[in-house]
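Taking it in order: structure first as structure tokens, then the write-up.
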Amino acid sequence: MTAFRTLDQADVKGKRVLVRLDLNVPTENGKVTDVTRIERAAPTITELTSKGAKVILLSHFGRPKGGPDPKYSLAPVAAAVAEVIGKPVAFASDCIGEPAEMAAAAMQPGDVLCLENTRFHKEEEKNDPDFVDKLAALGDIWVNDAFSAAHRAHASTEGLGHKLPAYAGRSMQAELEALGKALEQPKRPVAAVVGGAKVSGKLDLLGNLLDKVDVLIIGGGMANTFLAAQGHPVGKSLCEPDLIPTANDILAKAKASGKQIVLPVDAVVAETFAANAPSRVAALDEVGPTEMILDIGPRSIEHVVSELELIKTVLWNGPFGAFEIEPFDTGTVEIAEAAAELTAAGKLVTIAGGGDTVSALNHAGAADRFTYISTAGGAFLEMLEGKALPGVEILRAK
């Protein structure tokens, strides 16, 4: 990875620093219910204030229709930021114009100001040059600490980098270093765990990972398409028959390049998809026409764990089964636990990301023992797919 500019190179004392965060956090009745993303951003805010910067926070929140909507106001989120960082956070009722200008002008070094939702202006998502100029007028320096929004070329996530000196915040830096290490200079052998519902959503990912990893472990609903490609019956399981030729191409490409693909060798099946539905372990050729594969079986779990014991680095995206519902969480939980134990013992570097993945690893009680967990969804996937992210490219040292 080409070097990118970080806060180590930034002189921020007395400067107005526009900090793009991802404050798109879950709320209920006007209260933030999960402060994980705010906690990830806190070190950047705290470092900047301690160095005497005037810190001005920018973020989107939800999907307003390009105009002010009280439901999507960042005001309650600003209050949660204040609680997490332990100091007051002022709030401006707009991100440009008089409310923002007056609030910014009133700041002293070390102060924090949160501007209203950038998506209250439709020009944000269009990366409109005039809107970029209005945002840029509020700051002297731009810091991007929103890796999870870095795959979007919006005004506050990319446009500002053309107008102001641009730096990666500490959370962005941690994401880029973790992913860079895993994708560019990993400890080998490297495995990727790719699960989730559909092959169609992860074709680019599978293609890019086959070039980067030594072992590709496929689980979740997408494994069913590969099993069908190998001629196994999958009953009523989630499967994409039109992608069977693609699955065969991926299997052939792996074989030709000496890469190993690990697929389930047995399955947990049920006739209904419901909590504690009657289920059984089936050999792959014993899945009945009215049954659904909802998790991998015990032999598959043993097989994956034995592979992980030979691996030095694992990239993880997606669960092995319908982990939200017992007993179909067993595969995900047991493999996550094994990976966490190997990580804690210093034998494995584990990097995971994507919405379902984080939920699954939290459910397994394993997340805090992984080497690095990305809070990003789409951006994490696009980076694994080998795509350039606009909000990262703009930070590269020129």
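The table below gives the values:
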{"item": "Qualifying residues in segment 334-347 (those that are open to solvent by 10 Å² or more (accessible area, probe 1.4 Å) and in contact with a Lys or Arg (Cβ under 7 Å, 6 or more places away or on another chain)) - the one nearest to Ser148 (Cα to Cα)", "result": "Thr343"}
{"item": "Matching residues, segment 305-326, being assigned to a loop (DSSP other than H, G, I, E, B) and of a type in the set (Phe, Trp, Tyr)", "result": "Phe320, Phe323"}
{"item": "Residue match in segment 269-281 (condition: within 22 Å of Leu384 (Cα to Cα) and open to solvent by 20 Å² or more (accessible area, probe 1.4 Å))", "result": "no"}
{"item": "Test: residue in segment 138-149 that is within 19 Å of Leu7 (Cβ to Cβ) and open to solvent by 50 Å² or more (accessible area, probe 1.4 Å)", "result": "yes"}
{"item": "Ile45 vs. criteria surrounded by 13 or more Cβ atoms within 10 Å (Cβ to Cβ) and under 22 Å from the mean Cα position of the chain (by Cα)", "result": "yes"}
{"item": "Only one of Asp295, Asp356 that is acidic (Asp, Glu) and in contact (Cβ under 8 Å) with a residue 60 or more places away in the chain", "result": "Asp356"}
{"item": "Pairs where the first residue, in segment 264-279, is closer than 19 Å to Ser300 by Cβ and among the aromatic types (Phe, Trp, Tyr) and the second is modelled with pLDDT under 95 and open to solvent by 10 Å² or more (accessible area, probe 1.4 Å), C-beta under 6 Å, 6+ apart", "result": "none"}
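For every residue, the table says whether it meets (1) closer than 21 Å to Ile394 by Cα; (2) open to solvent by 50 Å² or more (accessible area, probe 1.4 Å); (3) in contact with a strand residue (DSSP E or B) (Cβ under 8 Å, 6 or more places away or on another chain); (4) without any contact (Cβ under 8 Å) to a residue 12 or more places away in the chain.
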residue	(1), (2), (3), (4)
Asp8	yes, yes, no, yes
Val17	yes, no, yes, no
Ile38	no, no, yes, no
His60	yes, no, no, no
Ala78	no, no, yes, no
Val81	no, no, yes, no
Glu101	no, yes, no, no
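The values are calculated or read from the model by the stated rules, or taken from the named source; none is laboratory data. Bear in mind that the values here come from a model prediction, so they are computed numbers and not experimental data. Here Cβ is always computed from backbone atoms with ideal geometry, including for glycine, and neighbour counts include all displayed protein chains. Ligands, DNA and RNA are stripped out before the accessible areas are found, and what is left, the full protein with its side chains, is counted by its heavy atoms. Shrake-Rupley method; radii C 1.70, N 1.55, O 1.52, S 1.80 Å.
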